[in-house]
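The values are calculated or read from the model by the stated rules, or taken from the named source; none is laboratory data. Computed from a predicted model, the values in this text were never measured in an experiment. With ideal geometry, Cβ positions are generated from the backbone for all residues, glycine too; neighbour counts draw on all protein chains shown. Protein only, heavy atoms only, side chains kept; ligands, DNA and RNA dropped before computing areas. Shrake-Rupley method; radii C 1.70, N 1.55, O 1.52, S 1.80 Å.
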Amino acid sequence: MNDRESARRYTIAISKGSALIDEMKRLLRAWEPGEPVGEFCDRVISEDILGKSSARRSQDIARRVFANRFLLPTDAPARRLRLLLEADLSPHAVADLCMLYSARNDLLLRDAVTKVYWPGLNEGRLSLTVDDFVRFIRQADAEGLIPVPWSDEVAKKIARALVKSLVEYGLLREAAKGRRETVPYRAAPEALVYLAYDLRSSGLSDQAILDHRDWMLYGFDRSRLVTELASSDYGQWWLLQIAGSVARFSWKQESVDEVVDVLAE
């Protein structure tokens, strides 16, 4: 299996920790820029940073969840989010950015948001259940996205973790037993600004930025995205001009790091 094929496969990573937003915040505040992953994970245990009942659970969260989301392949996400946390960025925006990095690290979570939650919300569904996500997993199995088919028990465990994640990220809310109500979610403007500049800093063209799949996490197709980003609400950050099918940004900051500095002021 080549790297591209591997990237298109689902894993059970979500079972190691759902959104864990509070834990991610605690670890972001405790981590020191430039600190090696292994040393940090050891310190999480030795200093009981997470206050967990077992060293093994702390190790799992630090290495398999936090490090994979924010420290690898580079620690740029951790550095940026740490600054934003210190500046008291809104909890909504922090959750949005945590979801972004979680979805970049886990195709299963990304697809659960873009292929189950958003279609359900757009169809007017008032709730989603664990069974909805089990059916999604079974369809993924049929499409070859799961290397070794999961048992019913594992599929339900993963489905529950997905539901819990979407509740923690604010896309669903607790309702009756076994049911979660859909929330008319809207991403924080700060998260959209961050994402736009993050994509720009990665070297993408203006057209490629608008076509990037990350926007789908926040419920945008290209048409809705252009309408959103062309509004005056983002005048501090860019001017987006539209001519037919061509869109062009006039950027007012040079990089995502500059944006983080402005947001952190």
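Taking (1) open to solvent by less than 40 Å² (accessible area, probe 1.4 Å); (2) of a type outside the set (Lys, Arg); (3) farther than 27 Å from Leu121 by Cβ in turn, Leu229 satisfies each apart from (3). Restricting the stretch 107-151 to residues that are open to solvent by 80 Å² or more (accessible area, probe 1.4 Å), in contact (Cβ under 8 Å) with a residue 12 or more places away in the chain and charged (D, E, K, R) leaves a set whose member that is farthest from Ile14 (Cα to Cα) is Arg125. When the residues of the stretch 5-25 are filtered to those that are part of a helix (DSSP H, G or I) and more than 17 Å from the chain's Cα centre (by Cα), the one that is farthest from Leu100 (Cα to Cα) is Glu5.
Applying the criterion of being part of a helix (DSSP H, G or I) and of a type in the set (D, E, K, R) to the residues of the stretch 26-50, the residue that is least open to solvent (accessible area, probe 1.4 Å) is Arg43. Can you confirm whether Gly34 is at pLDDT 90 or above and more than 19 Å from Asn105 (Cβ to Cβ)? Yes. Considering only residues in the stretch 152-203 that are assigned to a loop (DSSP other than H, G, I, E, B) and open to solvent by 60 Å² or more (accessible area, probe 1.4 Å), the one that is modelled with the lowest pLDDT turns out to be Lys177. Leu89 - would you say it is part of a loop (DSSP other than H, G, I, E, B), open to solvent by less than 40 Å² (accessible area, probe 1.4 Å) and under 17 Å from Val193 (Cα atoms)? Criteria met by Leu89.
For the stretch 210-233, a residue qualifies if it is outside any loop (DSSP other than H, G, I, E, B) and closer than 13 Å to Trp251 by Cα, and exactly one does: Leu229.
From the list Val193, Val262, the lone residue that is over 24 Å from Ala19 (Cα atoms) and of a type outside the set (S, T, N, Q) is Val262. For the stretch 239-257, the tally of residues that are touching a residue at least 40 places away in the same chain (Cβ under 8 Å) and either in contact with a Cys (Cβ under 8 Å, 6 or more places away or on another chain) or more than 12 Å from Asp206 (Cα to Cα) (or both) stands at 4.
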